[in-house]
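Read the structure below first, then the notes.
The values are calculated or read from the model by the stated rules, or taken from the named source; none is laboratory data. The structure presented is a predicted model; accordingly, all values stated were derived computationally and were not measured. Glycine gets a Cβ as well: all are built from the backbone with ideal geometry, and neighbour counts include every protein chain shown. Accessible surface is based on the protein model in full, side chains and every heavy atom, while ligands, DNA and RNA are left aside. Shrake-Rupley method; radii C 1.70, N 1.55, O 1.52, S 1.80 Å.
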Amino acid sequence: MAAKNLSFRQRADQFLSEASKYKLGSLVTEQPHEKTQSLSLWASTNLQRAVEVLKELDVEALQVVENKLAEISHMHLKVSSVMASGGRVFLCGCGATGRLSLTLEYLWREQNPGDERVQAFMAGGDVALVHSIEGFEDFPEYGAKHLMQMGFTDNDLLICTTEGGETPYVIGAAEKAAEISRYKPYFLYCNPDEVLVNTVERSRRVIENPKIEKINLCVGPMALAGSTRMQASTVLQLAVGLAVLSENESTLSETMEQTKRAIGQANVEYLCDFIKKESDLYLRGENVLYQAHDYAITVFTDTTERAPTFSLMPFENELSNRTPSLSYIVLPTARDRNEAWHRLLNRSPRPLDWSGVNAMTSPSYLSSFDFGQSGIPARQRRLKDRMQVPFRIKKESGGIQLELDDIKAELPLSLGWAPLTEHLLLKTHLNIHSTLVMGRMGRYINNLMTWVYPNNGKLIDRAVRYVLYLLHDDGYDGISYEEATYQLFSELESLGEGEAVVPKAVAQLKMMV
């Protein structure tokens with residue numbers, strides 16, 4: 001959101017001049033959950049308790065969707081009506097909600113081969129599936145522009161998802177759709193209306209706009225504070241998936257029920273061995289190669305979202321000369337990069353191609369990532385002598401087979417489950433797995449995302465709040481929000497690979513008191 005050629009003080013001043021837009025600490029999705037206050041401790045000392053508590057929160061979140069089934073059924077009827085009239089349904093999100101939108105388009109195409117009536121887009125374009133594009137979500141005009149570039153018309157319906165209910169990019173798309181379509185766009189979010197209306201002006205505009213349909217899916221605080229890739233994105237993916245993918249209201253209800261059963265009855269204890277193994281590999285200096293024979297977009301989403309959440313290096317491409325990411329992903333059934341992108345999305349990629357805004361949106365940048373078979377030796381060359389341990393995920397007749405080095409397990413599936421149910425089941429298990437792997441590596445404190453990489457306004461505010469929280473916890477009070485902001489931007493200037501800016505800012509501010 002701030003130009004990189006400015007000094008750290010100028011960038012801090014720029015943020016502070018508009019910080020009121022991003023001070024979101026009062027939102028429920030930003031609060032620490034009372035049930036996971038010892039999460040970082042459990043990750044190291046009591047994994048079984050950790051996985052059970054995280055599963056419990058996922059199950060509780062699903063009840064929120066069931067309570068809103070009447071509204072979701074109405075959205076389903078609207079989707080059916082739009083399609084019957086020759087219109088299309090567009091899905092829009094940013095970050096985790098952008099990736100769930102692309103996942104739902106994938107599932108639509110899998111269910112309806114050759115049918116183009118569902119189109120998904122996310123902030124930064126398809127390449128943002130690989131890593132976030134810095135600052136993109138902070139501009140509502142970008143969301144509106146992207147919607148129009150996708151070819152949205154007055155006969156189309158837009159369904160927007162934003163975990164917090166305040167993402168400017170998504171709000172810009174929603175307001176634009178409300179202007180031009182004869183169908184009211186849908187806006188789904190996970191914070192209480194009264195909090196949003198009183199805290200975020202742009203959210204108030206949407207909530208009070210009679211031309212926008214709202215569905216509130218407030219699931220409370222996240223298992224890891226602010227990590228909306230977990231419970232919030234799960235309920236949003238389920239709600240929109242039920243509306244878009246269900247053939248009728250009967251199958252909608254059946255998919256809701258089977259998803260509740262699948263996630264609620266699944267055994268999560270097997271994850272303990274996988275969590276220990278993957279974290280131990282990283283701590284020994286080795287790397288992991290996820291081989292997604294099936295469910296590639298869901299596996300891809302989880303591995304991608306680790307980078308900004310825990311200050312990991314994102315996936316590298318053939319142009320990179322930096323330290324490779326801890327994990328990488330390939331689609332073993334894809335021969336080369338082009339086939340891999342097509343299999344990943346179930347269509348040809350759609351790069352945003354706004355090179356004047358950000359060069360990472362270009363087609364050439366997107367095509368520099370190779371997630372096919374040909375990417376495996378290239379990845380090994382970048383790793384040099386470092387071990388690359390495969391983590392295979394594959395669907396067999398009885399379930400989802402997981403294999404990491406010498407550990408194997410099966411996640412059972414039942415005959416007749418909807419693909420949406422299967423993907424959500426795997427999503428929740430991968431979320432639990434990756435969160436606790438990072439906990440064992442010390443990448444958060446208690447249940448606070450203290451290793452977050454602040455690459456947009458909301459995350460900068462979150463990082464500043466965590467700096468102040470950790471200082472207060474250690475008895476260092478009297479430091480202002482502004483002072484913490486300046487120190488944060490100062491540390492960002494010299495931040496090295498694998499370093500976290502929040503702990504560095506805290507350490508420096510302690511020395512200055």
Estimated 222 nm signal from helices in the chain, with DSSP H stretches of n ≥ 4 weighted -39500 (n - 2.57), rounded to 500: -15500 deg cm²/dmol
Between residue 85 and residue 250, what FRET efficiency follows from the Cβ-Cβ distance if R0 is 22 Å, with the result rounded to 0.05? 0.45
Taking each full run of DSSP H in the chain as one helix, which ones are at least 27 Å long along their axis (Cα atoms) and have mean Kyte-Doolittle hydropathy of at least 0.0? 47-67, 419-440
Using alpha-carbon positions, what is the distance between the centroids of the range 393-445 and the range 79-150, in Å? 25 Å
1/(1 + (r/R0)^6) with r = Cβ-Cβ of residue 494 and residue 153, R0 = 60 Å, i.e. FRET efficiency to nearest 0.05, evaluates to 0.75
For the chain, compute Rg over Rh where Rg is the Cα radius of gyration and Rh is the Kirkwood radius from the inverse mean 1/r over Cα pairs. 0.94
Quick one: if you stick a label point 7 Å off each Cα along the C-beta vector at residue 266 and residue 193, how many nm between them? 3.3 nm
Just grab the label-to-label distance for residue 406 and residue 14, each label 7 Å out from Cα along the Cβ direction, in nm (one decimal). 5.3 nm
Considering only protein heavy atoms, with the full assembly of protein chains and a 1.4 angstrom probe, order 145, 384, 176 by accessible area, largest first. 384, 145, 176
Per-residue SASA entry for residue 400, accessible area with 1.4 Å probe, Å² rounded to 10: 0 Å²
Note to self: C-alpha centroids of the range 460-512 and the range 269-339 sit apart, in Å, by 29 Å
Nearest-0.05 FRET efficiency for residue 414 and residue 284 at R0 = 45 Å, using Cβ-Cβ distance, is 0.75
Cross-link pairs 427/458; 23/427; 384/408; 260/504; 21/276; 35/214 - those with Cα-Cα distance over 32 Å: 260/504; 21/276
Residues of the range 245-287 with backbone N under 17 Å of the label point set 7 Å from the Cα of residue 67 along Cα→Cβ are 260
